Amino acid sequence: MLRPDTVALTGLLALITALGPVSTDMYLPSLPDIGRLLSASPAAVQLTLSAYLVGFAIGQLGYGPMSDRFGRKPVLLAALVLFCAGNIACAAAPSIGLLIAARVVQAIGGSGAIVVARAIVRDLYSGARAGRELSLMGSIMAIAPIVAPLIGGILQTQFGWRANFLVALAVGLAAALIVWRKLPETLARRASEPVSPFSMARVYRGLIASRSFLAHLGIVSTSFAGLFAWLSGSSFVLQDLYGLSAFAYSVAFAICSLGYLAGTFTAATIVSRLGLDTTIGIGTGALAGGGLALAAALAFGLPSLPAIVLPTALYLFGLGLALPQGMAGALTPFPDRAGAASSLLGFVQQSSAALLGVLVGHMLGASAWPIGAPMAVMGCLSLLIWAASRSVRAARH
């Protein structure tokens, strides 16, 4: 069995958490081709992303309370089985409508994996130590958005878009096997009350009453929404407007994702010394700086690819600093309800990003503004929330 404070456990939790990026980032180079082969508009193809986030958001609401009641391991295994079933349905989808529906199934399974992984971290760690663990997981997980689009570009070129979901299926099956054989149960004391809509609503009301939780939730949600603007629109902007091939796009995407890897690695190095709040502040500053730099490049008409890629890399660097620490700050006050707190955090994070993604899909056209403007706004909002709520987060109530 895997033990706390080991590279093996951190690696497993990172693999589980990476199922979301694998499910999304790997097929990004295929989006234009999916539209052509399934006779779908860019807005309809973008719905395969937003529908995934909607399913991901809604699915999270139930997994946390269930894992608080029944234990982390059985709930995680059930989620992984559903994730694998969704990938099979995606690979076999004959139309854009059925692909969207299959993505929802895939997402509901994947959402349980990330909720339970965060709850396991809170079972074992707290405070800056939890932030460091989430950052270490993020450093490993950051390899996924770097490698996944490269793999996706190769798969798209050699085998077509359906191969992406078969590879995601293989990753899900591997994760399920390791969890079944090696992961111990980490929940020390199970919640005594049965899981019901009434009990879940009562728990969530208690979480929302915490102003510290809401402040961290705001930082997590705004910073992640800016990332999803990039995920939703970058494939169309860089391939259709800048003329990149599917593989060249995946290389550009991987370069941007190196920013996230650098951010999570930096956070894991400094958070124990500087604390959660200062690390979040540095991250939100980079988020705002990257978003504003991208907006400025577009406003001044800089047409080169580096004018898009470099500011985005800075934004993702800030995300790697702020996002894991924001999650740790939100979960730390609730050791007895870590699953529920993780669920609510993920629900708001993913649903707000999905709404922004739909908006980006409808704005896509003749410029990169549909990704530049949202990233600038969300980066500045995250910095503003951090600055305005410092006393609230310090009080932790």
Quick one: which helices (runs of 4 or more DSSP H) lie wholly within region 310-397 and hold at least 1 residues that are within 21 Å of the chain's Cα centre (by Cα), surrounded by fewer than 20 Cβ atoms within 10 Å (Cβ to Cβ) and among the β-branched types (Val, Ile, Thr)?
-> 338-363, 369-388
For Gln106, state whether it is of a type in the set (S, T, N, Q) and within 30 Å of Leu37 (Cα to Cα).
-> yes
Wholly within region 5-59, helices (runs of 4 or more DSSP H) carrying at least 2 residues that are surrounded by 24 or more Cβ atoms within 10 Å (Cβ to Cβ) and either touching a residue at least 40 places away in the same chain (Cβ under 8 Å) or under 21 Å from the mean Cα position of the chain (by Cα) (or both) | 7-17, 19-25
Of everything in region 62-106 that's in a helix (DSSP H, G or I) and hydroxyl-bearing (Ser, Thr, Tyr), which residue is nearest to the chain's Cα centre (by Cα)?
-> Tyr63
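Residues checked against (1) of a type outside the set (Ser, Thr, Tyr); (2) closer than 23 Å to Arg122 by Cα; (3) in a loop (DSSP other than H, G, I, E, B):
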| position | (1), (2), (3) |
| --- | --- |
| Ala168 | yes, no, no |
| Ala176 | yes, yes, no |
| Phe198 | yes, no, no |
| Leu214 | yes, yes, no |
| Leu217 | yes, yes, no |
| Ser234 | no, no, no |
| Leu238 | yes, no, no |
Across region 247-277, which residue is farthest from Arg129 (Cα to Cα) among those that are among the hydroxyl-bearing types (Ser, Thr, Tyr) and within 21 Å of the chain's Cα centre (by Cα)?
-> Tyr249
Please state which of the following conditions Ala338 fails to meet, knowing it meets all the rest: (1) among the small types (Gly, Ala, Ser); (2) over 15 Å from Leu217 (Cα atoms); (3) modelled with pLDDT under 85; (4) touching a Leu at 6+ places or on another chain (Cβ under 7 Å).
-> (2)
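The values are calculated or read from the model by the stated rules, or taken from the named source; none is laboratory data. Computed from a prediction, not measured in an experiment: that's the story for all the values here. Backbone-built Cβ (ideal geometry, glycine too); neighbour counts: all protein chains shown.
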